[in-house]
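A.B. asks: Provided herewith is a single structure, encoded as structure tokens, for subsequent inquiry.
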Amino acid sequence: MTTAVTNAHLRGRDGLWTIAIVADGTIASLDPVQPGGAPADPTVIDADGGLVLPAFIDCHLHLDLAYSLDLVAPNTSGTLVEAIGHWSEAKRELTAENVRQRALRAIDDEISFGVGHIRTHVDVGTAAEMRLCEGILAAREATRERIDIQIVVFPQDGIVQDPGALEQMREAMRLGCDVIGGIAHNERTEADSRRHIDLLFDLAEEFDADIDCHIDETDDPRSRCTEVLAAKTVERGWQGRVTASHVCALASYDDEHAARVISLLVEGRVHVITNPGVNLHLQGRGDRYPKRRGLTRVSELIDAGINVSAGQDCIRDPFYPLGTGNMLEVGHLLIHADHLSTPAGIERVADCITDNPAKALRLDGYGLAVGKRADLVILDAADMTEVFRTRQAPRCVLRGGRRVMGC
Ligand SMILES: [Zn+2]
């Protein structure tokens with residue numbers, strides 16, 4: 001058990017600090033380091049001037065897809081539509097054990113990069129049945145001492161166009177999943193997309209659960225699901241409990257319509273998640289030049305007061321052949337894609353992989369503050385710009401004051 005981390009740089013504070021940790025694994029105090037150096041106490045970790053952050057959060061991941069690239073037909077177009085098609089076929093053959101093993105590998109990757117909390121989506125529906133969900137539940141159980149995982153039930157093939165999905169979603173929630181997922185734009189018609197969103201709120205009420213919906217993951221400016229989700233959030237009284245993931249079409253709307261949608265998101269206190277690597281990769285595929293970047297309007301959303309986070313989304317799967325589980329790489333891509341390289345921009349991106357997703361996932365005990373759980377990463381670099389520049393794995397990862405990795 002670690003009793004303190006000393007000689008630590010902290011975001012937003014000058015000088016070096018000591019973080020004291022008490023026996024229940026929470027942070028007892030944050031104090032400036034006194035001259036004379038750290039005591040030679042084996043329970044005290046010397047950060048040696050490195051930056052210490054709360055553990056990273058990967059708020060949007062697909063653990064059931066991780067490391068599946070070699071199990072499916074090649075995605076020759078590189079598009080979302082082709083990936084969904086190949087995955088729909090492949091998942092009919094997957095066993096829960098295969099899913100569990102690939103998920104465990106990805107979870108280990110994420111832990112090695114200092115991730116302390118994951119929100120993963122898991123496919124449920126006619127093709128997936130409950131096998132993928134069972135594999136992910138088993139992987140969560142096997143790793144619960146090392147990492148927290150929220151599971152979103154995800155009807156990848158739609159709900160209206162996959163009539164078996166709804167009951168599978170219910171079953172997955174009964175088995176222990178946490179959040180109602182959706183993919184509103186993946187239905188046959190606009191009317192079906194609206195119906196899809198209504199069904200998500202019905203399920204959310206039934207299970208008293210939050211919603212995290214893949215939405216408008218397209219460059220098509222006619223894709224208008226986000227405004228429906230935001231309006232329904234207000235109508236159904238679910239403010240603060242809904243997350244819109246991707247929201248790519250917002251970047252293709254004209255400014256006037258985008259402003260209207262953003263004001264609806266503010267009214268619904270809807271959280272937004274962007275997945276910069278995957279959206280840079282999948283979107284803009286139909287463009288000649290100039291090519292759109294595909295990400296939602298990250299800076300405009302933050303300026304409007306919306307809680308924006310960033311996720312890894314995919315690790316070596318048919319949607320995205322790259323991805324490592326390193327949230328610093330996710331941040332690095334976001335810095336480039338949304339011109340967030342100013343000092344203020346860098347801080348915004350740091351928030352997108354720490355404090356902001358903690359709000360979206362509603363993690364009460366999260367943060368580098370007195371009384372919060374000591375889930376900490378100790379980095380070699382001393383400031384956020386250098387942390388993103390080098391993107392090195394943490395030297396040490398603590399969970400509730402216990403050493404999970406390194407030191
Ligand atoms: Zn996703």
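A.B. asks: Taking the Cβ of A393 as the center, what net charge do the other residues with Cβ under 13 Å away carry, scoring Lys and Arg +1 and Asp and Glu -1?
C.D. replies: On the way: positive: R391, R395; negative: D108, D109, E110, E329, D380.
Once positives and negatives cancel, what remains is -3.
A.B. asks: Quick one: how many Å² of K359 are accessible to a 1.4 Å probe, rounded to 10?
C.D. replies: 120
A.B. asks: For the chain, just give the cysteines left without a disulfide-compatible partner, judged by no other Cys Cβ under 4.7 Å.
C.D. replies: C59, C133, C177, C213, C225, C248, C314, C352
A.B. asks: Another question, then. Which percent of the accessible area of segment 56-360 is formed by carbon and sulfur heavy atoms (probe 1.4 angstrom)?
C.D. replies: On the way: 5490 of 11060 Å².
Here carbon and sulfur together make up 50 percent of the probe-accessible area.
A.B. asks: Where a ≥ b ≥ c are the square roots of the eigenvalues of the C-alpha gyration tensor, would you call segment 304-362 rounded, which needs a/c under 1.5, or, failing that, prolate if a/b is larger than b/c, or oblate?
C.D. replies: On the way: a/c = 2.27, a/b = 1.39, b/c = 1.63.
Judged from the Cα gyration tensor, segment 304-362 comes out oblate (a/c at least 1.5, b/c at or above a/b).
A.B. asks: Once the Cα atoms of helix 165-175 and of the chain are each reduced to a long axis, what angle between those two axes, in degrees from 0 to 90 to the nearest 10, is obtained?
C.D. replies: 30
A.B. asks: Could you report the chain's accessible area per residue, 1.4 Å probe, as an integer in Å²? Intermediate values should be presented prior to the final figure.
C.D. replies: On the way: 15800 Å² over 407 residues.
For the chain, the per-residue accessible area is 39 Å².
A.B. asks: Apply the Karplus parameterisation 6.51 cos²θ - 1.76 cosθ + 1.60, with θ equal to phi minus 60°, to every residue of segment 128-136 and state each ³J(HN,Hα) to the nearest whole Hz, in sequence, with x for glycine and proline.
C.D. replies: For segment 128-136, the Karplus curve yields 7, 6, 9, 5, 5, 4, 4, x, 6 Hz.
A.B. asks: Turning to a different aspect of this structure: Can you give the % of DSSP beta bridges in segment 56-360 that are antiparallel, to the nearest 5?
C.D. replies: Working: 2 of 31 bridges.
Antiparallel bridges: around 5 percent, rounded to the nearest 5.
A.B. asks: Further question: Can you compute the label reach from T385? Point 7 Å from Cα along the Cβ direction, backbone N cut-off under 16 Å, restricted to segment 300-344.
C.D. replies: Residues 332, 335-336, 339-344 qualify, since their backbone N sits under 16 Å from the label point.
A.B. asks: Separate question: Compute the Cα gyration tensor for segment 56-360, then decide on rounded, prolate or oblate, letting a ≥ b ≥ c be the square roots of its eigenvalues: rounded whenever a/c is under 1.5, prolate when a/b is larger than b/c in the other cases, and oblate in all that remain.
C.D. replies: Values: a/c = 1.31, a/b = 1.16, b/c = 1.13.
Taking the square roots of the gyration eigenvalues as a ≥ b ≥ c, segment 56-360 is rounded.
A.B. asks: Follow-up. In a shell of Cβ-Cβ distance under 11 Å around G25, excluding G25 itself, what net charge do Lys and Arg (+1) and Asp and Glu (-1) give? Intermediate results must be reported in sequence, preceding the final value.
C.D. replies: Details: positive: K372, R373, R399, R402; negative: D24, D375.
Residues close to G25 contribute a combined charge of +2.
A.B. asks: Measuring from label point to label point, each 7 Å out along Cα→Cβ, what is the C407 to E97 span in nm?
C.D. replies: Rounded to a tenth, the inter-label distance reads 3.7 nm.
A.B. asks: Tell me, in nm to one decimal, what length is gained between R292 and D31 on full extension, where the rule is 0.36 nm per residue of separation less the Cα-Cα distance? Could you put the intermediate results ahead of the total?
C.D. replies: On the way: separation 261, 0.36 × 261 = 93.96 nm, distance 4.68 nm.
Length difference between fully extended and current span is 89.3 nm.
A.B. asks: Also: Need the C-alpha centroid separation for segment 105-125 versus segment 139-176, integer Å.
C.D. replies: Rounded to whole Å, the Cα centres lie 14 Å apart.
A.B. asks: Can you send over the solvent-accessible area of E386, 1.4 Å probe, protein chains only, in Å² to the nearest 10?
C.D. replies: About 60 Å², ignoring ligands and nucleic acids.
A.B. asks: Around A374, what is the net charge, scoring Lys/Arg as +1 and Asp/Glu as -1 over all other residues with Cβ under 10 Å from its Cβ? Kindly include the intermediate steps, with their values, before the conclusion.
C.D. replies: On the way: positive: K372, R373, R399, R402; negative: D24, D375.
Computed value for this residue: +2.
A.B. asks: Also: For segment 51-122, run through the trypsin sites (Lys or Arg not before Pro) and keep only the ones in DSSP coil with at most 15 other Cβ atoms within 10 Å of their Cβ. Let's see the in-between values first.
C.D. replies: On the way: sites: K91, R92, R100, R102, R105, R119; in loops: K91, R92.
Sparse-neighbourhood loop trypsin sites (Lys or Arg not before Pro): R92.
A.B. asks: Relative to the longest principal axis of the C-alpha atoms of the chain, give the angle of the C-alpha long axis of helix 96-112, reported between 0 and 90° and rounded to the nearest 10°.
C.D. replies: Helix 96-112 sits roughly 40 degrees off the main axis of the chain.
A.B. asks: A further question on this structure: Work out from phi, with θ = phi - 60° and the Karplus expression 6.51 cos²θ - 1.76 cosθ + 1.60, the ³J(HN,Hα) of each residue of segment 62-79, listed in order in whole Hz, and give x for Gly and Pro.
C.D. replies: Per-residue couplings from phi come out as 10, 5, 5, 8, 4, 6, 9, 3, 7, 9, 10, 5, x, 8, 6, 8, x, 9 Hz.
A.B. asks: Follow-up question, since we're still on this one. Arrange the residues H121, H257 by how much accessible surface each exposes, largest first, with a 1.4 angstrom probe.
C.D. replies: Working: H121 0, H257 25 Å².
From most accessible down to least: H257, H121.
A.B. asks: What percent does the relative contact order of the chain come to when contacts are Cα pairs within less than 8 Å and at least six residues apart? Present the calculation step by step, with values, prior to reporting the outcome.
C.D. replies: Values: 934 pairs, mean separation 83.0, N = 407.
Taking the mean separation of contacting Cα pairs over the length of the chain, I get 20 percent.
The values are calculated or read from the model by the stated rules, or taken from the named source; none is laboratory data. Remember, it's a predicted structure, so these values are computed and weren't measured experimentally. Note that each Cβ is placed from the backbone with ideal geometry, even for glycine, and that neighbours are counted across all protein chains shown. These accessible areas exclude ligands, DNA and RNA; they are computed on the full protein's heavy atoms, side chains included. Shrake-Rupley method; radii C 1.70, N 1.55, O 1.52, S 1.80 Å.
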